[in-house]
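Participant: Got a structure here, written out as structure tokens. Questions coming.
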Amino acid sequence: MVGKAIAKHKGLVTVAVLMMLLQVGAALWQPSYMKEILSVMADLSLSTTKKIDKISGYGLGLIAIAVMGLIGSVLNTLAAAKLAQTVSADLREQTFRKIQTFSYEDIEKFKSENLVVRMTNDINQIQMLLMMVFQVLIRVPLLFVGAFILSIMTMPRLWWIIVVMVVLIVAVTGVSMGRMGPHFAAFQRLIDKINGIAKDNLRGARVVKSFVQEDSQAAKFDAASDELNGHNLAVGYTFAAMIPAFTVISQLAIFLAIWLVSTVVTQSPSVAQDQLGGIMSFIQYMMQIMFAIIMGGMMSMFASRGFVSMGRIAEVLNTPVTMTYDTEAVEDLAGTVEFDHVTFAYPNDAQPTLKDISFKLTAGSMVGVVGATGAGKSTLAQLIPRLFDPTEGTVRVGGQDLRHVSQATLHNTISIVLQKAILFSGTIAGNLRQGKADATTQEMDRAAKIAQAAEFIERLPERYDAPVEERGNNFSGGQKQRMSITRGVIKQPKVLILDDSTSALDARSEKLVQEAFDRELQGTTTIIIAQKISSVVHADTILVLDEGRLVAQGTHHELVASSDVYRKIYETQKAKEA
């Protein structure tokens, strides 16, 4: 996944690695110059003038090495940053496109708030991981191996000090990583949880305030936040102990090396020049080894979050889509709708919501679907535009099995208007063009008049360019439903499904919408899911659902006379109206 994304940017990878090699080379080269400078200073056979000349030459060399390392560091950082940003942007786009192919079932599997965290926080973690890989993690083994070899070459007698220091630091790092690993694994789970609580609270702000649940919501958020804080503190405490431990080990190693060298110099003054110059380089190499181990350990611990995030993104990208479409040429489907022994159960539900449903609707007819709450009306409506596939049986539109119809054909043939009107931030025109991408102003005018949305759109100074706030919060429930209906009818579909989508309209507006449907959508098969029988009383056919089964179908008068379920609903609503 990430490897393929990185492979697209071989030039940046090459620059980052080469500049890192330049930076490491400069770091390893610098102590050898310091050794020569100290050796010159300790050489009693040289005059002051010669010493100054030699030290000046070595000083210029040190400056050249420092500039070389600086150039390598800057260019490495720029290349690594650009690579990390580019790859994370590619992954974010790839993940979003993958999510767009998910069916409702796939989205329910992950949960929407979880997918949001994966596209934001998890990809940010991957971005940080890439920065660390090309700035630190590749550099660490090179610096460690180089410094280890050069330190032994510089002071062969003291090789065991390096080995002991490395063993101790690696042991401390291993224990620390063992303690922090479980905490890092819990971070993403808790971020998902906190994100879900915040999302539910903000989306349901009116309910929270209406029922005075602010304290309850705050307590729920605090509990999750405190748990995350506990994991962060545990990691922080481990770091607080780990860094001083590294310092103590390195300082003891330096003390031991200096003490041993001083003993040799005291006993054999003739070797002072070589030993004094070598000890400085040796100490610098020791510090580089310690730095490499510490940085490797710390970055590995932080990188563990990045690897967890990589796994979470890979899970999304590698999830097989449960619903695929035929890619053949676009067909022109008629408006007939047929259910052939359809049974449907939601994922993880033991009992099916729809049971052995069979019916056939003629093109251009108006059909009502009624039943008690939980009878399966909305589920039936969602099978027609193929938001779900039936567990058993076949759904056909225009005589074609929907599983063998292209997505473009399905979009051009069927429109569904949901009970909960969902509008997106932008403009009215932008929302309406989701129904038809190239809709003209004339087509928007026609659709708005059918849905009775023209009534309030015409009063807006910007008309179709009027802004729509997040979730359409600057419009009333009835206005949002009318815009949603406008979006559904704008492309003049062969099949139009209204899933209780006039529930927020007053009786007058609902009647005007129904009259406009009768007048303007005569060639469209209109399926109206309704709680109120008054909304479908004039339908050509009414389907009656009860506990997931189709128990009756016919006209209003036929059903009043023949269906106990329909008659009971009708008489109950009639009594309420009276």
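The values are calculated or read from the model by the stated rules, or taken from the named source; none is laboratory data. Fair warning: this is a prediction, and the values are worked out from it, not measured in the lab. Every residue, glycine among them, receives a Cβ derived from its backbone with ideal geometry; neighbour counts consider all protein chains shown.
Participant: Would you tally the residues in region 474-504 being in contact (Cβ under 8 Å) with a residue 40 or more places away in the chain and either outside any helix (DSSP H, G or I) or of a type outside the set (A, V, I, L, M) (or both)? Write out each step before concluding.
Facilitator: Taking region 474-504 and keeping what is in contact (Cβ under 8 Å) with a residue 40 or more places away in the chain, we get 475, 477, 480-481, 483-491, 493-501, 503-504.
Narrowing the set further to residues that are either outside any helix (DSSP H, G or I) or of a type outside the set (A, V, I, L, M) (or both) leaves 475, 477, 480-481, 484, 486-488, 490-491, 493-501, 503-504.
The total comes to 21.
Participant: Restricting attention to region 519-558, which residues are under 21 Å from Thr379 (Cβ atoms) and part of a helix (DSSP H, G or I)?
Facilitator: Taking region 519-558 as the starting set, the residues that turn out to be under 21 Å from Thr379 (Cβ atoms) are 525-533, 535-536, 539, 541-553.
Within region 519-558, Ile533, Ser535 qualify.
Participant: Further, regarding this structure: Of all residues in region 385-415, count the ones that are part of a helix (DSSP H, G or I) and either charged (D, E, K, R) or free of Cβ contacts under 8 Å to residues at least 40 places away in the same chain (or both). Let's see the steps before the verdict.
Facilitator: Initially, region 385-415 is screened for residues part of a helix (DSSP H, G or I), giving 402-404, 407-413.
Filter once more, so that each one left must be either charged (D, E, K, R) or free of Cβ contacts under 8 Å to residues at least 40 places away in the same chain (or both): 402-403, 411.
Summing the residues that are part of a helix (DSSP H, G or I) and either charged (D, E, K, R) or free of Cβ contacts under 8 Å to residues at least 40 places away in the same chain (or both) in region 385-415 gives 3.
Participant: With respect to Ala224, is the statement that it is under 21 Å from the mean Cα position of the chain (by Cα) and either over 29 Å from Leu423 (Cβ atoms) or not in a helix (DSSP H, G or I) (or both) true? Give the steps one after another, and end with the answer.
Facilitator: Working: under 21 Å from the mean Cα position of the chain (by Cα): yes; either over 29 Å from Leu423 (Cβ atoms) or not in a helix (DSSP H, G or I) (or both): yes.
It is true that Ala224 is under 21 Å from the mean Cα position of the chain (by Cα) and either over 29 Å from Leu423 (Cβ atoms) or not in a helix (DSSP H, G or I) (or both).
Participant: Please identify the pairs in which a residue from region 235-250 that is in contact (Cβ under 8 Å) with a residue 60 or more places away in the chain has its Cβ atom under 6 Å from the Cβ atom of a residue that is among the charged types (D, E, K, R) and assigned to a helix (DSSP H, G or I), counting only partners at least 6 apart or on another chain.
Facilitator: So the pair list comes out as Thr238/Arg179.
Participant: Hey, another quick one. Take Thr413 and decide whether it is among the β-branched types (Val, Ile, Thr) and either under 21 Å from Asp500 (Cβ atoms) or crowded, with 20+ Cβ neighbours inside 10 Å (or both). Show your work before the answer.
Facilitator: Values: among the β-branched types (Val, Ile, Thr): yes; either under 21 Å from Asp500 (Cβ atoms) or crowded, with 20+ Cβ neighbours inside 10 Å (or both): yes.
Answer is yes for this residue.
Participant: Output the qualifying pairs, or none if there are none: Cβ atoms under 9 angstrom, residues six or more apart or on different chains, first residue in region 554-565 and exposed (fewer than 14 other Cβ atoms within 10 Å of the Cβ), second residue assigned to a helix (DSSP H, G or I).
Facilitator: Ala561/Arg567
Participant: Take the residues of region 416-442 that are without any contact (Cβ under 8 Å) to a residue 60 or more places away in the chain and either touching a Leu at 6+ places or on another chain (Cβ under 9 Å) or aromatic (Phe, Trp, Tyr) (or both): which is surrounded by the most Cβ atoms within 10 Å (Cβ to Cβ)?
Facilitator: Looking only at region 416-442, we keep the residues that are without any contact (Cβ under 8 Å) to a residue 60 or more places away in the chain, and these are 420, 424-442.
Filter once more, keeping what is either touching a Leu at 6+ places or on another chain (Cβ under 9 Å) or aromatic (Phe, Trp, Tyr) (or both): 424, 428, 431, 439.
Working: Phe424: 12, Ile428: 25, Asn431: 22, Ala439: 20.
Ranking the candidates gives Ile428 first.
Participant: Got a sec? Which of Arg118, Arg157, Arg179 is part of a helix (DSSP H, G or I), touching a residue at least 24 places away in the same chain (Cβ under 8 Å), buried (at least 20 other Cβ atoms within 10 Å of the Cβ) and in the same structural domain as Met19 (by TED's automatic domain parsing)?
Facilitator: Working: Arg157 fails: buried (at least 20 other Cβ atoms within 10 Å of the Cβ); Arg179 fails: buried (at least 20 other Cβ atoms within 10 Å of the Cβ).
Among Arg118, Arg157, Arg179, only Arg118 is part of a helix (DSSP H, G or I), touching a residue at least 24 places away in the same chain (Cβ under 8 Å), buried (at least 20 other Cβ atoms within 10 Å of the Cβ) and in the same structural domain as Met19 (by TED's automatic domain parsing).
Participant: Starting from residues that are within 17 Å of Gln573 (Cα to Cα) and hydroxyl-bearing (Ser, Thr, Tyr), keep the ones in region 534-553 and report whichever is surrounded by the most Cβ atoms within 10 Å (Cβ to Cβ). Walk me through how you get there before you give the answer.
Facilitator: Initial filter on region 534-553 (within 17 Å of Gln573 (Cα to Cα)): 534-538, 542, 544-546.
Still in the list and also hydroxyl-bearing (Ser, Thr, Tyr): 534-535.
On the way: Ser534: 17, Ser535: 22.
Step by step, filter region 534-553, then rank; the result is Ser535.
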